Every structure is written in C-alpha cells, then in structure tokens.
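Written out below as structure tokens is the structure these notes cover.
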Amino acid sequence: MNDLDSKESILEHKDIISSKLFLKNIYTDFYKILKSFKVPKNGLLIEVGSGGGFLKKFIPKVITTDVLKVTGIDRRLDLENINLKNNSVSAFYMLNVFHHIKNPRKALLEMERCLVTGGKIIMIEPWPTLFSKFIYKNFHHETLDTNLGWKVEGKGRMSDANGAIPWIIFRRDRNKFMKLFPNLKLEGITPHTPFKYLFSGGLSHPQYLPNSFYPILIFVEKLLKPFNNLIAMFATIVISKQTKSSN
C-alpha cells in the first residue's frame, strides 16, 4: 500500500472501496445517513476529506474536497483556513475526517464563519465505547486516546489522528464546546455500526466474511441497537449554526 498521506493513496483507497462489497455497502449506508438531514437551500454543499469516496452519487450538488488535489476531487480545501466566503455554505459533510484535523477548534471556527444560518456540520466519526475502545486499541493503526486534548499531533493527512477527538470535544468537553461556540448547537449524537465495518477489514485489511454475510450483520446490528452506547464503533454528529456571521 502507498504512503497514507500521498496522492496515490487516495486513488488506491478508491479502488479498495469499489472492490470490497462490505466496504462499498458501508459507505453507501453512511452516505444515506449524511443525506438524510435537511439543510438550507441557499448555500454550497461541501464534503470535506472526500478521498476515495463517492458521496456525489447521493448528493450530486456536493463539492468534493481534500487537502490534496487529485483526479475526481473538485477542489483543494484546508479546513483550518477555508477559502470560502462568510455565510456561503449550507452543509459541511465529513466521513471519518474530523478526527484527522490537527486543530479542531480552528476548523470549527472556520466552518462556523462559512455556514449560513441554519447550516449544518454533519459528520460520521469513530466513537469510543466499551467494545470499540478494545477494537481500536488492538486492531487499528490510529490512536484512540480519550485522555488527550483537542489537538492532533503531527502533520500527516491520514497517518496522524486521534479517533477520540469527536468524543472529547462533543461529549467529554461539551460544556467547553458550548462556551467557545455559542452560535453552534449540538443537535445530536447517534452511536451506531458496531460490527459491519470491523468485518469489512476497512481500507487496510482483507474482508473477513463472505459477501453473503452482509445482510446478516445488518440484521444483528438492528437487534442490538439498544446497546449501541456500549458496542457502537461510530457515531453520527450533527451541529447547526444559529446566527449569521458578520462580514
């Protein structure tokens, strides 16, 4: 596999996602979640960290972005220094991206500036639970440390991360978040997806079950939904902007 932070890795991830049924179906399920939230019609739709994904198939008007400009990505975008106007964006969509942002506070300030009133930040991110902490610690290359602060050390686009960052900011330090961002409302956090991503092998490992097992995992996850606070590996987080930014 290519260097995780290289342009080549984006194209490689695109091939991996399209070739593994579990992973392609999981991305499809996640994109349907992102699409399900209503957002204002008077602004841009921005996907942050699009990588090898395919959100545009579900939200055709979305502008795909990444910190690297490669084939299939509409434009380059640095979330800590967004080259967009105030009050110009209806939604920022992120799938497994926010926990890679090196300075989340600065990124939130920038997204707040760019969002129209009622605009949303909609993200699906790793989520620490009793089950997921064991999995991420023992079977995943990324750090998931709930004791750290708001910043991610390092400069790597993909190689440097803390999977616990969303939990730290929006759950552990929720009062701090509300104080720092009074114009951003945390609308909800929904833990989900305890097993199917694990058995997909993700972007780094082979798929661990035959394709025919995917519907079975969906059924099992539905049965165990009441226990997602204990076993979920991901969460959908939705934040909305309450007032207009001054120019």
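The values are calculated or read from the model by the stated rules, or taken from the named source; none is laboratory data. Just so we're clear, the structure is a prediction, and the values are computed from it rather than from any experiment. No Cβ is skipped: glycine too gets one built from the backbone with ideal geometry, and neighbour counts run over all protein chains shown.
Pairs meeting the criteria (first residue in the stretch 156-173 and touching a residue at least 40 places away in the same chain (Cβ under 8 Å) and more than 23 Å from Ser6 (Cα to Cα), second residue in a loop (DSSP other than H, G, I, E, B) and of a type in the set (Val, Ile, Thr), beta carbons under 6 Å, at least 6 apart or on different chains) are Ala164/Thr146.
Quick check on my filter: what residues within the stretch 68-100 are β-branched (Val, Ile, Thr), buried (at least 18 other Cβ atoms within 10 Å of the Cβ) and farther than 21 Å from Val39 by Cβ?
If the condition is that a residue be β-branched (Val, Ile, Thr), buried (at least 18 other Cβ atoms within 10 Å of the Cβ) and farther than 21 Å from Val39 by Cβ, then Ile73 is the only one that fits.
Close Cβ contacts (under 8 Å, 6 or more residues apart or on different chains) running from residues in the stretch 196-221 that are more than 21 Å from Glu12 (Cβ to Cβ) to residues that are surrounded by 16 or more Cβ atoms within 10 Å (Cβ to Cβ) and basic (Lys, Arg) comprise Tyr214/Lys196; Leu217/Lys196; Ile218/Lys196; Glu221/Lys196.
From the list Asn96, Asn81, Asn86, Asn103, the lone residue that is free of Cβ contacts under 8 Å to residues at least 40 places away in the same chain and among the polar types (S, T, N, Q) is Asn81. One residue stands out among those in the stretch 1-24 that are assigned to a helix (DSSP H, G or I) and in contact with a Ser or Thr (Cβ under 8 Å, 6 or more places away or on another chain): the one that is modelled with the lowest pLDDT, which is Leu11.
Here Ser245, Ser240 are screened, and the one residue that is more than 20 Å from the chain's Cα centre (by Cα), under 25 Å from Lys120 (Cα atoms), among the hydroxyl-bearing types (Ser, Thr, Tyr) and surrounded by 14 or more Cβ atoms within 10 Å (Cβ to Cβ) is Ser245.
Identify, from the list Gly188, Gly149, the residue that is without any contact (Cβ under 8 Å) to a residue 60 or more places away in the chain, touching a strand residue (DSSP E or B) at 6+ places or on another chain (Cβ under 6 Å) and of a type in the set (Gly, Ala, Ser).
Unique residue meeting the criteria: Gly188.
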